[in-house]
Amino acid sequence: MKGWRQIVQVFSTRDSMGYLFIAPAMLYLLTLLVYPVLYNFWLSFYKSEYGSSAFVGLQNYIRAVTARGFGQVMLNTVVWTVGNMVVMYVLALLAAVILRNIPRGKVVFRTILLLPWVVPGVVAGILWQFMLHSRFGIVNDLLMKLGFIDKPVFWLANPNTSLLAVMVTYIWKVYPYIMILLMAGLEAVQNELYEAAAVDGANGWQQFRHITLPLLGPVTRVIVILMGIWTFNSFDLTFIMTKGGPLYSSEILAMRIYSTAFSDFRFGLASATSVLAFFITFTFASVYILFTRRQEK
C-alpha cells in the first residue's frame, strides 16, 4: 500500500499529470511508428527469407542497387514523382483560379471536382482498367471517334504507355486535393491587391504572376513536401493496374519494395530497399526546405 501511495503522489503533481495524459499518444507512436522503423532498419542487415535469418551486413543494400531493372525502376520513380507533381499542381492551380472567379455555383463545381479524391484507390484502379481496356475501353473508343488514333492502343500492356496510363489515373484521383489546398490559399489573398494592381494598369497575367503566385508560396511549399512524399511512396494504383510491368516499364520503387517483401518473401532485401527510399525522401525534403528558407531570407 505504501508503494502505491508513492506512485499516486508522483502522478498527482501538475507536471506529472500532463505526462500521464500524453502517455497513450506516446505509446501509440512508439508501438506503431518508432518500433517498426527501427525494426525495419535492423532487418535490412539480415538475410531474412522463408523463415531463416542470417546477418549479412551491407550485402542487402548492394543487392538492392545491383538488382535487375533497378536503374529502370529509379528512372520510373523520378518520372512518376516529378511528372505527377508538376501536372497535378498546374491542373489544381488552374481549377482553383477558375473556381475563385466564377460568380455562381462554386460549391457545386467544387463538389464535382472533388469526387475523384474520395474514390478509394482500389476502385479508381479497377475503374481505369476498364476504361483503358484495348477492346472495350471508353478511352480507345473516344480517341478513335475523334480521329486521334486509327486502331486500339494497349495502354497497360505496352511498355511505352503503361507508366503514362497509371500516371493519368493518379493525377485524376489526387489533383482535387491540391486544388482544395490552393483554394484555401487563394481565399487569404485580399481583393484590394488585385484592385490596386488593376488601377496601376496590370493585366490579368501580371496580377497572377506578381500577386497570386508569390502569395501562394507558403501553401505551395507544403504541397510540394507532402504530395512529393506521398507520390514517391504511392504504389496502390501501380499494383492494381500493371503490377509494375511489362518489363519493369511501370515499376516504381515503392512497388519493388512491396513485391520483394510479399511476393518474393525476401524481407531483408525489401527492408534495405525501403531504407534507401527513406533516405531519398529525407534528402529531398531537407534540401527543399533549406532552399526555400534561403529564398525567404
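Going by the conditions given, is Thr81 under 26 Å from Leu164 (Cβ atoms) and in contact with a Ser or Thr (Cβ under 6 Å, 6 or more places away or on another chain)?
Working: under 26 Å from Leu164 (Cβ atoms): yes; in contact with a Ser or Thr (Cβ under 6 Å, 6 or more places away or on another chain): yes.
Answer is yes for this residue.
Which pairs have Cβ atoms under 7 Å, sit 6 or more apart or on different chains, and link a residue in the range 91-113 that is at pLDDT 85 or above to one that is surrounded by 11 or more Cβ atoms within 10 Å (Cβ to Cβ) and among the hydroxyl-bearing types (Ser, Thr, Tyr)?
Leu91/Tyr175; Ala92/Tyr175
Tell me which residues, restricted to the range 135-158, are within 25 Å of Phe239 (Cα to Cα) and either at pLDDT below 90 or assigned to a loop (DSSP other than H, G, I, E, B) (or both).
Arg135, Phe136, Gly137, Pro152, Val153, Phe154, Trp155, Leu156, Ala157, Asn158
Identify all residues within the range 245-266 that are of a type in the set (Phe, Trp, Tyr) and either surrounded by 22 or more Cβ atoms within 10 Å (Cβ to Cβ) or out of contact with any strand residue (DSSP E or B) (no Cβ under 7 Å at 6 or more places or on another chain) (or both); write none if there are none.
The answer is Tyr248, Tyr258, Phe262.
Any residue that is among the charged types (D, E, K, R) and surrounded by fewer than 12 Cβ atoms within 10 Å (Cβ to Cβ) - is there at least one of those in the range 32-47?
No, every residue in the range 32-47 fails to be among the charged types (D, E, K, R) and surrounded by fewer than 12 Cβ atoms within 10 Å (Cβ to Cβ).
Tell me, which helices (runs of 4 or more DSSP H) lie completely within the range 54-126 with 2 or more residues that are surrounded by 12 or more Cβ atoms within 10 Å (Cβ to Cβ) and touching a strand residue (DSSP E or B) at 6+ places or on another chain (Cβ under 9 Å)?
59-65
The values are calculated or read from the model by the stated rules, or taken from the named source; none is laboratory data. None of the values given here were measured: they were computed from a predicted structure. Positions of Cβ are generated from backbone atoms using ideal geometry, with glycine treated the same way; all protein chains shown enter the neighbour counts.
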